[in-house]
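So the structure is just underneath, and the comments pick up after that.
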Amino acid sequence: MGNINSRVAMKKHLLIVSKSFIYSTKNVNMTKYVRMKDHYSGDILGTTNKKQFKHYEEDGFLFVTSYLSDRLSRIKLLVTLKFLLHATCTAIYRHYFVKKYDLIIAREPILAGPLALLIKLFTGAKLITELNGNYVSPVVWEDIENKFIRNLKLGYSKKAIPFVLKRSNGIKLLYPSQITPYLSEEEQRKHTISCFHEYTPISEFHKSTVEEDFIMTMGYPYNIKGFDILVSAFDKIAHKFPTTQVHLIGYLETADRQYLESLHSHPDQIKLLKPLEYDAAMEKISKTKCFVLASRTEAMGRVLLESMAHGKPVIGSTADGIPTYIRDGVNGYVFASGNVDQLAEKLEVMLSSGSKRKMLGDAGYEIVMAELSEQQYLERYGALIENACGDGKKK
């Protein structure tokens, strides 16, 4: 982590609080902390349905997870309650009887945030809270069919997030305006706030020279990722590109498939495909003409960085943080969120010129390698940690 070395006299001990399921040593959200091993050690709290990750150590970081069997892990309330109890007891015990924590990192502000704040009160450790989404967007909650519960969760998030952020020593953002709904400008000046990309293992990828005749998107849930917007947009121009396909990759219920199929009249060109494992998904990206992220809400979209690291041009909506990572006309195109006609225009321009795609893809590759690398992430996160702990200059 380069220049951090001069500021760190000894390794700080971190506690990472995340309800995320830990199911593989390749889990990107977890391995990024292990990359900090030269300067930090720590414990990672999460949930798992695999016994080997109940107590798993790698390079100075210990995964101490709340375990439930496959059958029980399908009960969301049980998963949440067991995680809260396990994480609280584990953190307090390990702080006082194993090794004291210098800093707690809450991976998100809704569940992990309040829990991390409680642990902070018991331990006296500093706290960094990460914002990884636009939690005040109604789109985030629209999958909850019960209107009362949906409004309850939205209302809770609007109260809980500012409460946690005001008591955090550091805040990590993915795009500059992400903090606006929660803290006033005066309140923001009182905090250490840093805005930078999410960790993405771009050094594992190579610029691809392969280009097959398809464009793609992937993710879940389909409505937030804008699958319907892409389907409707491509349907308008499909007749101009009769050999080109659109591959939409992700988990879809039968009703979701039927709805998406009802939006177009080109079944030979628009394909709904099953989810892919990480390595297979990256291979797919390496072969596409263009990646499209038509999300209705999206704080960043790690897949944009993955696509650029493969030398692929990108198209994205103007939702939330996407325009922070797509420079219109430089490494791709942006369109007004939800605007089918505008996306159709951008797709037509992109598909009409191979030289244009190469120019955009090359520019994206240069941007991601120069500005959005793992090393830059680690250096900026290291600076945030030191500032939050009071050991660095506040930015």
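We did not get these values from a lab; they are worked out from the coordinates using the rules stated. From a predicted model like this one, the values you see are computed outputs, not experimental measurements. Note: ideal-geometry Cβ built from the backbone for every residue, glycine included; neighbour counts use all protein chains shown.
Brief remarks on what is shown
- Helix-only CD estimate at 222 nm, as mean residue ellipticity for the chain, using -39500 (n - 2.57) per DSSP H run (n ≥ 4): -12000 deg cm²/dmol
- Ascending count of other beta-carbon atoms within 10 Å, so fewest first, for 290, 389: 389, 290
- Antiparallel DSSP beta bridges within the chain, as percent of all bridges there, nearest 5: 10
- Along its principal axes, the chain has C-alpha extents of 67, 48, 45 angstrom, given from the largest down.
- Kyte-Doolittle mean at least 0.5 and Cα axial length at least 27 Å: DSSP H helices in the chain: 76-97
- Each residue of segment 312-319 is assigned a 3J(HN,Hα), and the resulting list reads 9, x, 10, 10, x, 7, 8, 5 Hz, derived from the Karplus form 6.51 cos²θ - 1.76 cosθ + 1.60 (θ = phi - 60°), x at Gly and Pro.
- For segment 202-371, the Stokes-Einstein estimate of translational diffusion at 10 °C and a viscosity of 1.306 mPa s comes to 102 µm²/s, using the Kirkwood hydrodynamic radius over alpha-carbon pairs.
- In plain terms, the residue of 69, 373, 352 with the fewest other Cβ atoms within 10 Å comes first and the most crowded comes last, giving 69, 352, 373.
- In plain terms, the residue of 213, 43 with the fewest other Cβ atoms within 10 Å comes first and the most crowded comes last, giving 213, 43.
- For residue 103, the amide hydrogen comes within under 5 Å of the amide hydrogens of 13, 15, 126, counting only partners 5 or more places away or on other chains and with H modelled in the peptide plane.
- Residue 362 paired with residue 69, simple spin-label distance in nm, labels 7 Å along Cα-to-beta-carbon: 5.9
- Segment 143-165 and segment 176-232 have Cα centres separated by 22 Å.
- Cα-based reach from residue 225 at 20 Å (exclusive), listing lysines while leaving out same-chain residues under 8 positions away: 236, 271, 274, 284, 289, 312, 346
- Taking a straight line from the alpha carbon of residue 50, these lysines sit under 21 Å away, with near neighbours fewer than eight places off in the same chain left out: 19, 26, 32, 76, 82.
- Legend: residue pairs 12/172; 12/159; 120/158, Cα-Cα distance threshold 24 Å; pairs beyond threshold, 12/159.
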